[in-house]
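Reading through the structure tokens given below for one structure.
The values are calculated or read from the model by the stated rules, or taken from the named source; none is laboratory data. If you're wondering where the values come from, they're calculated on a predicted model, not measured in any experiment. Here the Cβ positions follow ideal geometry from the backbone for every residue, glycine too, while neighbour counts run over all protein chains shown.
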Amino acid sequence: MAESKAFFLLRLNDHIQYLKKIDATLAGKSDFEGTDCHDCKLGKWLYGIGFQEVSAMKNPKALEVFGELFEPHQHFHEISKLAIERKRSGAEMDAKALVTEMHVLSRVISQKLLELDNLD
């Protein structure tokens, strides 16, 4: 399992850095297009070694919380790409609504990672 208590906080940081890149693009300060949910750092962990690492935890609730990360993470990626598309097409109101949804999903992902960190 994780070498330190900070393991899930590192996954959280991966997610926050990705969110910052998306926000920079939406603010016109970057040209980051986003990735598929499998290709970001958090996604590579989720769809890679994450299951094995979480399975090794002593807390039986860990796998349940881990499983709850997939849907909001996938949806976050879909919404963030759509927000960028809408922003670029000039649909500002649509983009703003999507950005709000994106940040709500980000909060869910963050809370799940913090919950995993507390179970470790």
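State which residue is farthest from Q111 (Cα to Cα) when the search covers only region 47-69 and only residues that are among the β-branched types (V, I, T) and surrounded by 11 or more Cβ atoms within 10 Å (Cβ to Cβ).
Among them, the one singled out is V54.
Condition check: assigned to a helix (DSSP H, G or I), among the acidic types (D, E) and in contact (Cβ under 8 Å) with a residue 24 or more places away in the chain. Does E64 satisfy that?
No.
So is E33 more than 20 Å from N118 (Cα to Cα) and either modelled with pLDDT under 95 or in contact with a strand residue (DSSP E or B) (Cβ under 6 Å, 6 or more places away or on another chain) (or both) or not?
In short, yes.
Restricting to region 38-56, give me the number of residues that are in a helix (DSSP H, G or I) and not acidic (D, E).
Residues that pass the stated criteria total 11.
Hey, among E92, E68, E53, which residue is modelled with pLDDT of 95 or more and of a type in the set (D, E, K, R)?
E68
Given the conditions (1) of a type outside the set (V, I, T); (2) in contact (Cβ under 8 Å) with a residue 60 or more places away in the chain; (3) touching a helix residue (DSSP H, G or I) at 6+ places or on another chain (Cβ under 6 Å), and given that L82 satisfies all but one, which numbered condition is not satisfied?
Condition not satisfied by L82: (2).
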